[in-house]
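Just so it is clear, none of the values below were taken in a lab; they were calculated from the coordinates. In this text, all values refer to a predicted model and were calculated from it rather than measured experimentally. Backbone-built Cβ (ideal geometry, glycine too); neighbour counts: all protein chains shown.
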Amino acid sequence: MDIHHQHPNLLEWNELIEQAMVDPSSEPILNLAEDSDGEYDAVFIGGGAGGRFGAAYMKAMGGRPLIIDAWPFLGGSCPHQACVPHHLFSEAAEELDRMKWFSGQLFFPDFDADRASILDLIHLFRAGRGTAHAFMNWQTKEQLDVDYVLNAHATIVNSTTVSAAGRTFRARNLVLGMGARPVWPDIPGLDLHGVHDFVTLVEELDYEPQSCVIIGGSKVAMEYGSFFHATGCSTTIVSRSALMRTRSLHHIDEDLRLYVVDGMRKRGMTVLEGAHPVRVNGEDGRVVSVTVRLESGDEVDIPTDFVFMGTGERPLVQQAQEVLGIEINDSGRVVVDKRMRSSVPGVYAIGDMIDGPMEMFKARKSGVTAARNIMGEDLEFDFSEYPDSLHTTYEVSWVGLTEAEAREAYDDVIIIQMPPTVKGLDTEHLPLPCAEGTMLYAFSKPELSGFQKLVVDADSRRVLGAHHVGYGAKDAFQYLDYLIHRPEGLTIDTLGWMNELFLNPEHFVQLSRLRAGNAVLRDL
Ligand code: KPC
């Protein structure tokens, strides 16, 4: 179907995408300019965040990009199965958590677990995700003027040629952005009905789980586990590593980690660290329990009707490996340099195909980095340092060094923290920190009102790291990241002289100002 001369609105796009999704024999969707027989500057294989942003940037610079994607929509897994549903579920988890703590108090009704349904939220997501898909297609065509072929599998012929939708496309460069898919370890019983990952959850869940065992200790495990548990689906996490101590997360401050994991336990979740899943057991083809070897060596059977896999993802590298002989590292990711160039000349890789966090900023910026290098710029993208976050029933955000890392690297480190660690202070009853989203907790259940820590080098007075559990502060960490990683850094004096918006969630401004007058800095 050639839609280049048509201009579907969002509703029409939505219908077109929906039809393509339900009909496996549906035609490819072609949005190709008249002169599309010419050579492209790059074919972006995969129109997820990396491919879409890379192609858009290239077009804006006067280049000729083409995106090819097997799905009938652009935007990739984020709006379809990954970050968008996760954010919807995490927002629901936050609301449900508040409703449970305040059940029958103030203006809150009695909490009704029957109305908190995982399935309802999945249906809500499935019914609504098409609007994001439609917008991605509309924006990329009408506003960004990028050529694309959707609903078509791309076959790599060589490093300058790709075929799709019965056509052959030539390009000076290929940019590989085919994304990643969840990977399951080799444990007996994973073929039973009732075993899901974040993809099959939104695509296939067909019953309301009553309890859940999560295998793995990843961000996904913590985030989805907190959501399931908040709906009343009693959840156990089985993790080999201590939570938030997996290799994929860096700069996790121990006090922040303890506040987060204790908070999960306080809400009734079972967190088994140092535990190994042995097998998933079934009856009549359905999950009934999981056998787990505990840290002690004892084996226990945990009854459950639902198993959720939070054991990580692997990129889709097979075609590039077989056809191009591209170099892959031990963790299955494409090896690239800081310009996103792979081992094959003219072939770039971006997003979840390469090492580093499987996060949006890396996907989009790696796509843009590939595009700008292809267009002749000499641009490096170093994503070894970045701000990070996850959801439990809280927003958890962090950037820069932990207290322990800072003490290793600097002689004189001070900590600004709320609640402070002072023996005998009885901080369980301290209504601080309080800010957006924690005021009700602060006045009713103060120990639930969050945690924050600022790590400062007392000699240079520079902020080295910031760590926060609460609400409303996550976006500030984008800017804290920028400020503290500038060559001149961010001093406690500059931070303490910012114009805070009353009880700003990070609180760091007010607390920094209380100490900035000291010639010799001290903890607070
Ligand atoms: C709707 C939304 O912004 C989340 S999906 C983003 C996909 S993309 O804009 O291609 O990064």
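Values for this structure:
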{"quantity": "3 or more residues over 22 Å from the mean Cα position of the chain (by Cα): qualifying strands (runs of 3 or more DSSP E) within region 291-342", "calculated": "299-303"}
{"quantity": "The one condition in (1) more than 21 Å from the chain's Cα centre (by Cα); (2) assigned to a loop (DSSP other than H, G, I, E, B); (3) in contact (Cβ under 8 Å) with a residue 60 or more places away in the chain that residue 268 fails to fulfil", "calculated": "(3)"}
{"quantity": "Strands (runs of 3 or more DSSP E) fully within region 134-247 counting 2 or more residues that are over 21 Å from residue 389 (Cα atoms)", "calculated": "147-150, 155-158, 161-164, 167-176, 211-215, 234-239"}
{"quantity": "All positions within region 58-92 that are over 22 Å from residue 320 (Cα atoms) and within 12 Å of the ligand (Cβ to nearest atom)", "calculated": "73, 78, 79, 80, 81, 82, 83, 84, 85, 86, 87, 88"}
{"quantity": "Any helices (runs of 4 or more DSSP H) falling wholly within region 409-524 and containing at least 3 residues that are crowded, with 20+ Cβ neighbours inside 10 Å", "calculated": "474-484, 508-516"}
{"quantity": "Odd one out for residue 104, checked against (1) more than 16 Å from the ligand (Cβ to nearest atom); (2) crowded, with 21+ Cβ neighbours inside 10 Å", "calculated": "(2)"}
{"quantity": "Those residues of region 16-68 which are in contact with a Gly (Cβ under 8 Å, 6 or more places away or on another chain) and part of a strand (DSSP E or B), in sequence order", "calculated": "41, 42, 44, 45, 48, 65, 67, 68"}
{"quantity": "Test: residue in region 70-77 that is hydrophobic (A, V, I, L, M, F, W, C) and within 21 Å of residue 347 (Cβ to Cβ)", "calculated": "yes"}
{"quantity": "Residue that is farthest from residue 469 (Cα to Cα), among those in region 247-272 that are buried (at least 16 other Cβ atoms within 10 Å of the Cβ) and out of contact with any strand residue (DSSP E or B) (no Cβ under 8 Å at 6 or more places or on another chain)", "calculated": "267"}
{"quantity": "Count of residues meeting criterion [under 30 Å from residue 161 (Cβ atoms) and of a type in the set (Gly, Ala, Ser)] in region 269-322", "calculated": "1"}
{"quantity": "Of the criteria (1) in contact (Cβ under 8 Å) with a residue 40 or more places away in the chain; (2) touching a strand residue (DSSP E or B) at 6+ places or on another chain (Cβ under 8 Å), which one residue 158 fails", "calculated": "(2)"}
{"quantity": "Check on residue 151, touching a residue at least 40 places away in the same chain (Cβ under 8 Å), within 16 Å of the ligand (Cβ to nearest atom) and polar (S, T, N, Q)", "calculated": "no"}
{"quantity": "Contacts under 8 angstrom Cβ, first residue in region 335-351 being on the phi > 0 side of the Ramachandran plot, partner assigned to a loop (DSSP other than H, G, I, E, B) and of a type in the set (Ser, Thr, Tyr), 6 or more apart", "calculated": "346/159; 346/160"}
{"quantity": "Single residue of region 49-88 satisfying the filter (over 21 Å from residue 379 (Cα atoms) and among the small types (Gly, Ala, Ser)) that is surrounded by the fewest Cβ atoms within 10 Å (Cβ to Cβ)", "calculated": "70"}
{"quantity": "Considering residues of region 83-133 that are outside any helix (DSSP H, G or I) and touching a Gly at 6+ places or on another chain (Cβ under 7 Å) only, the residue nearest to residue 224 (Cα to Cα)", "calculated": "116"}
{"quantity": "Top-ranked residue in region 9-48 [being of a type outside the set (Gly, Ala, Ser) and within 16 Å of the ligand (Cβ to nearest atom); ranked as surrounded by the most Cβ atoms within 10 Å (Cβ to Cβ)]", "calculated": "44"}
{"quantity": "Candidates 235, 200, filtered to the one that is in contact with a His (Cβ under 6 Å, 6 or more places away or on another chain) and either of a type outside the set (Phe, Trp, Tyr) or buried (at least 23 other Cβ atoms within 10 Å of the Cβ) (or both)", "calculated": "235"}
{"quantity": "Residue within region 279-292 that is surrounded by fewer than 17 Cβ atoms within 10 Å (Cβ to Cβ), among the hydrophobic types (A, V, I, L, M, F, W, C) and closer than 21 Å to residue 307 by Cβ present", "calculated": "yes"}
{"quantity": "Any hit, region 370-393, residues being within 16 Å of the ligand (Cβ to nearest atom), out of contact with any Ser or Thr (no Cβ under 7 Å at 6 or more places or on another chain), more than 21 Å from residue 455 (Cα to Cα) and touching a residue at least 60 places away in the same chain (Cβ under 8 Å)", "calculated": "yes"}
{"quantity": "Within region 352-369, considering residues that are in contact with a strand residue (DSSP E or B) (Cβ under 6 Å, 6 or more places away or on another chain) and in a helix (DSSP H, G or I), the one nearest to the ligand (Cβ to nearest atom)", "calculated": "352"}
